[in-house]
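Peer 1: Okay, here's the structure, questions in a sec.
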Amino acid sequence: MTRFCIRSFALAVVAIAMLAGVQPATARTDSQAHASAKTFAVSGKEFSFKLSAKSIAKPGTVTFRFKNVGHTVHNFKINGKSTRDLQPGKTAQSVVTFKKKGKYRYLCTEPGHAAAGMRGVFTVR
């Protein structure tokens with residue numbers, strides 16, 4: 001085959017792949033990384049948190065979906081990332097990347113809430 005035929009063939013293969021919806025292998029974007037992240041449900045009320053899981057098997061990105069099921073304003077903070085203050089019944093999420101194994105404290109930063117029990121430890125194994 002000549003170079004022209006090989007190039008034409010390669011372009012035809014790429015065009016067919018694009019029409020078929022096949023994407024070439026490339027580095028993942030941030031949005032793709034977040035899409036594959038683990039998501040944990042977190043609910044908070046006077047004065048405790050309930051997490052769908054309190055650990056992950058290895059470092060990586062985690063989305064915490066926090067719902068305020070209490071009767072006053074609460075938030076959820078872990079590893080330097082925090083949701084905004086939420087009114088009762090509202091939900092927000094926080095995407096956190098854990099770069100190494102360890103124990104990470106979480107808490108509500110509203111005055112007195114952590115001391116009253118809105119705190120805990122999340123483990124990265």
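The values are calculated or read from the model by the stated rules, or taken from the named source; none is laboratory data. Here the structure is a predicted model, which is why all the values come from computation and not from measurement. Note that we place each Cβ from the backbone using ideal geometry, even for glycine, and neighbour counts take in every protein chain shown.
Peer 1: Name the pairs whose Cβ atoms lie under 6 Å apart, with the first residue in region 48-75 and free of Cβ contacts under 8 Å to residues at least 24 places away in the same chain, the second of a type in the set (S, T, N, Q) and buried (at least 17 other Cβ atoms within 10 Å of the Cβ), and 6 or more positions between them or separate chains?
Peer 2: So the pair list comes out as LYS50/SER43.
Peer 1: Is there a residue in region 79-102 that is surrounded by 18 or more Cβ atoms within 10 Å (Cβ to Cβ), assigned to a strand (DSSP E or B), touching a strand residue (DSSP E or B) at 6+ places or on another chain (Cβ under 7 Å) and without any contact (Cβ under 8 Å) to a residue 24 or more places away in the chain?
Peer 2: So far as region 79-102 goes, yes, one or more of its residues are surrounded by 18 or more Cβ atoms within 10 Å (Cβ to Cβ), assigned to a strand (DSSP E or B), touching a strand residue (DSSP E or B) at 6+ places or on another chain (Cβ under 7 Å) and without any contact (Cβ under 8 Å) to a residue 24 or more places away in the chain.
Peer 1: If you don't mind, another one. Among the residues of region 25-39, is there at least one that is among the small types (Gly, Ala, Ser), at positive phi and at pLDDT below 95? Quick ask: steps written out before the conclusion?
Peer 2: Residues of region 25-39 that are among the small types (Gly, Ala, Ser), as a first pass: 25, 27, 31, 33, 35-37.
Within this subset, residues satisfying the condition of being at positive phi are none.
Checking region 25-39: not a single residue is among the small types (Gly, Ala, Ser), at positive phi and at pLDDT below 95.
Yes/no matrix, rows are residues, columns are (1) of a type in the set (S, T, N, Q); (2) modelled with pLDDT under 95; (3) closer than 18 Å to THR39 by Cβ:
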{"residue": "ASN68", "(1), (2), (3)": "yes, no, yes"}
{"residue": "HIS74", "(1), (2), (3)": "no, no, no"}
{"residue": "ILE78", "(1), (2), (3)": "no, no, yes"}
{"residue": "ASP85", "(1), (2), (3)": "no, no, no"}
{"residue": "THR91", "(1), (2), (3)": "yes, no, yes"}
{"residue": "THR97", "(1), (2), (3)": "yes, no, yes"}
{"residue": "LEU107", "(1), (2), (3)": "no, no, no"}
{"residue": "GLY112", "(1), (2), (3)": "no, no, no"}
{"residue": "MET118", "(1), (2), (3)": "no, no, no"}
